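Any read-out appearing in this document is the output of simple, stated calculations on the displayed coordinates, not a laboratory observation. None of the values given here were measured: they were computed from a predicted structure. Here the Cβ positions follow ideal geometry from the backbone for every residue, glycine too, while neighbour counts run over all protein chains shown.
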Amino acid sequence: MTASRSIRRVALPLALACSSSTLVAQTPVSLPDIVVTVPRFSELAAPLPFGVSVLTADQIRASGAATVNEALMRLLGIVGRQDFFGGGEYGLDLRGFGSTADVNQVVVVDGVRVSEPDLGGTRLAGIPIEAVERIEVLRGSGAVLYGEGATGGVIVITTKAGAARERRPAASLYAGAGSHGLRDVRANGTVASGAFALDAAAQRRTSDNHRANFRSERDAVSAAGEWAGEWLRLGARVARDDLDSGLPGALTAAQYAADPAQSTTPGDRASIRHSRASVHAAADRGAWQFAADAGTRAKELRSTNSGFAFDYDTEAENASLRARHEGKIGGATNMVTFGTDHARWTREVLGAFGSTARQSTHAWYAKDDLTLAGGTRLAAGLRTERMAKDASNAGTGLADRLNAWELGASTPLASGVTVYGRAGRSFRLGNVDEFSFTAPGRALAPQTSRDLELGARWSYAGGKADVRAWRSALVDEIGFDPGAAGPFGMLGANVNFDPTRRQGVELDATHAVAPAVTLRVNAALREAKFRAGAYSGRDVPLVPRQTLALRADWTPAAAHRVSGGVNWVGAQHPDFANACTIPSYTTADARYAYEWQRLELSLAVANLFDRRYYTQAFGCAAGATTSIYPEPGRTVTAALRVKF
């Protein structure tokens with residue numbers, strides 16, 4: 001079945017459901033205003049000079065997503081590639097950076113940056129999904145407010161404990177079972193008394209998964225306490241997640257065709273122990289707002305790869321302090337935000353060939369937003385960041401001070417219609433894994449990008465839409481070139497590429513057809529190309545040109561809820577020569593839930609049409625894609641949730 005036929009097959013019933021619901025109820029539906037925290041303080045999304053996509057806890061729960069990664073891929077159509085370590089982890093790619101996507105976007109959890117500054121990847125599957133209050137996604141540069149590596153965008157995750165709102169006593173228990181021996185148990189609760197609140201969440205998920213030697217066991221727990229006075233909030237949080245998983249290995253094209261469930265590395269295994277702790281404070285004093293966050297995290301990786309051990313420990317510390325002042329200048333409103341971010345990170349690679357790597361950053365930023373009497377908003381921001389990185393297995397380290405800037409504007413054209421635009425500069429310095437494996441005698445220069453975005457948003461009775469066109473022109477982009485001369489006479493090294501360009505168009509739209517039916521569309525057309533050099537005109541590997549996510553949420557009767565959607569990801573190349581192709585794929589999912597008093601019974605199906613596909617591959621041999629990591633076929637999950 002072709003992708004277009006798969007989409008039509010699912011879209012037709014959704015359209016019929018919407019039409020029948022329209023006949024039942026034609027009452028206008030008003031969608032609430034969206035408040036976001038991406039600007040590092042809460043404010044309405046409507047006048048911002050950039051686009052932000054938001055997922056709520058209710059949307060995540062209705063989709064049946066079991067992890068943060070799955071929610072972002074399923075609901076927003078964000079490209080994801082299967083992680084080598086399993087446990088439901090996927091590498092996300094906001095704006096077409098392929099294999100370096102993780103180091104070109106920033107992830108923040110409850111105000112604390114958790115992005116890893118090496119190539120080990122940022123793990124999100126360990127966050128208990130029941131603890132998540134909302135997820136905000138800024139696609140495109142967030143360099144002024146978030147610093148190095150934010151060219152592709154920023155993902156801000158807020159847990160229920162991190163949401164600045166009144167807490168009420170509540171609790172829920174969840175138990176699910178499904179295909180491949182899946183067992184998923186979750187619990188979360190809130191205890192509140194006066195100004196104090198305590199939140200806790202836990203999740204244990206085990207599965208044999210869809211391949212030999214791919215069984216995984218994942219445990220996660222988090223707890224947070226907060227005191228909230230009239231103008232002051234103080235709190236602390238701790239979290240831990242553990243993963244034990246088999247590593248089934250990559251498949252050749254022939255192996256994938258013969259048996260995608262087989263393992264090529266039956267003895268390989270890995271375990272990851274990850275812990276986080278943080279404190280926060282926020283104060284409102286008249287025209288001033290203040291906020292501070294400080295956190296530590298630690299990760300231990302132990303793995304066996306073809307009989308060889310690869311083990312390391314990392315530790316990180318982050319601290320930020322920021323303030324915002326809002327005042328009047330004539331008939332205009334002016335908001336100025338300024339702050340400072342500091343971080344330290346170390347990694348100890350264990351064993352006979354061990355090494356020590358360190359990184360530190362110190363940054364200052366300021367941003368001013370002036371809103372004129374007619375609603376036009378003008379924004380300007382600047383950041384300066386000092387970075388120092390070194391590794392004992394490298395001949396030298398990297399140290400530099402880099403700057404980011406941004407200019408933006410938005411203006412209302414008519415009732416509910418706003419146009420906006422912004423231009424800026426973002427940056428990245430090579431990380432410890434990159435500058436320690438380069439071509440002989442060639443140090444890595446800083447990566448810089450000139451970023452441009454133009455967009456329009458429309459809010460009306462029953463719906464919202466946001467469309468934006470964007471371009472990022474990169475100079476000295478950092479990545480691994482398999483054709484470059486590497487150290488010790490090896491082939492392949494981390495280099496500064498010849499100039500590259502990302503550009504595209506994105507659409508986010510939500511429409512309430514009736515009180516019982518809501519539709520959501522997230523679509524993107526993108527191009528990621530080399531502009532010069534040996535690869536001039538070729539696509540950057542692992543970047544699909546098109547993505548589309550269509551979803552519907554239907555309440556046909558009281559206590560009944562049906563949700564489902566279709567995701568299509570276009571073809572992409574795993575290699576620099578563009579000689580091989582990862583085929584496009586279409587998946588569909590559906591979930592039915594019935595609520596009776598405090599109970600919810602649900603049945604969810606992923607990959608409804610049992611499509612064979614893969615999201616991760618990075619090899620090309622004789623015109624055939626190799627190093628393939630297959631995705632699961634149709635999976636079914638039945639679950640029971642009890643609310644207290």
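Observations
- Think of the chain as having a plus end and a minus end, set by charges on the Cβ of Lys, Arg, Asp and Glu; of Ser360, Ser410, Leu198, Ser410 sits farthest toward the positive end of this dipole.
- Computed from point charges on the beta carbon alone (+1 for Lys and Arg, -1 for Asp and Glu), the dipole magnitude for region 113-234 about its Cα centre is near 320 Debye.
- Cleavage-rule hits, GluC sites (Glu not before Pro), region 74-178, DSSP coil, Cβ neighbours within 10 Å at most 10: Glu166
- Only DSSP H runs of four or more residues enter the estimate; each adds -39500 (n - 2.57), and after division by the residues of the chain the mean residue ellipticity at 222 nm equals -2000 deg cm²/dmol.
- Net charge dipole size for region 214-326 [Lys, Arg +1 and Asp, Glu -1 on Cβ; Debye, nearest 20]: 180
- Positive contributions from Lys and Arg (+1) and negative ones from Asp and Glu (-1), summed over other residues with Cβ under 13 Å from the Cβ of Ile329, come out at -2.
- Listed pairs Lys160/Lys464; Lys160/Lys367; Lys160/Lys389; Lys160/Lys299 exceeding 30 Å between Cα atoms: Lys160/Lys389
- Karplus-derived HN-Hα couplings along region 586-593 (A = 6.51, B = -1.76, C = 1.60, θ = phi - 60°), whole Hz, x at Gly and Pro: 10, 10, 9, 9, 8, 9, 10, 9
- Over all other residues within a Cβ to Cβ distance under 11 Å of Val35, the charged ones net out to -1, with Lys and Arg as +1 and Asp and Glu as -1.
- Remark: spin-label model distance Val417-Leu599 equals 5.2 nm, labels positioned 7 Å along the Cα→Cβ axis.
- By the count of neighbouring beta-carbon atoms within 10 Å, fewest first, His560, His573 end up ordered His560, His573.
- Multiplying the residue separation of Ala323 and Tyr460 by 0.36 nm and removing their Cα-Cα distance gives an extension gain of 46.0 nm.
- Straight-distance candidates among the aspartates and glutamates for linking to Lys643, with alpha-carbon spacing under 18 Å and chain neighbours fewer than 8 residues away dropped: Asp58, Glu130, Glu133, Asp184, Asp199, Glu595, Glu600.
- FRET efficiency, Arg386 to Glu230 (Cβ-Cβ, R0 51 Å, nearest 0.05): 0.85
- Estimated FRET transfer efficiency when R0 is 30 angstrom, pair Leu350-Ala621 (beta carbons, to 0.05): 0.35
- Sites matching trypsin sites (Lys or Arg not before Pro) across region 141-174 that sit in DSSP coil, with at most 12 neighbouring C-beta atoms within 10 Å: Arg165
- Charge dipole (region 213-342, unit charges on Cβ, about Cα centre) - positive-most of Gly339, Ser263, Ala239: Gly339
- Whole-Hz couplings from phi, Karplus 6.51/-1.76/1.60, listed for region 133-147; x for Gly and Pro: 8, 6, 10, 10, 10, 9, 8, x, 4, x, 5, 5, 8, 10, x
- Label-point separation in nm, Leu452 to Ser271, each point 7 Å along Cα→Cβ: 5.4
- Listed peptides 460-473, 479-492, 251-264 by packing density, highest first (mean Cβ within 10 Å): 460-473, 251-264, 479-492
- Positive contributions from Lys and Arg (+1) and negative ones from Asp and Glu (-1), summed over other residues with Cβ under 13 Å from the Cβ of Ala523, come out at +3.
- One entry in [x] 57, 34, 23; [y] 41, 34, 22; [z] 34, 32, 27 is semi-axes √(5λ) of the Cα gyration tensor in Å calculated from the shown coordinates; its label is [z].
- Stretching Ala571 away from Arg204 to a fully extended chain increases their span by 128.6 nm, per 0.36 nm per residue minus the current alpha-carbon distance.
- Net charge dipole size for the chain [Lys, Arg +1 and Asp, Glu -1 on Cβ; Debye, nearest 20]: 1100
- Dipole of region 49-175 [Lys/Arg +1, Asp/Glu -1 at C-beta], most positive-end residue of Thr56, Val144, Val112: Thr56
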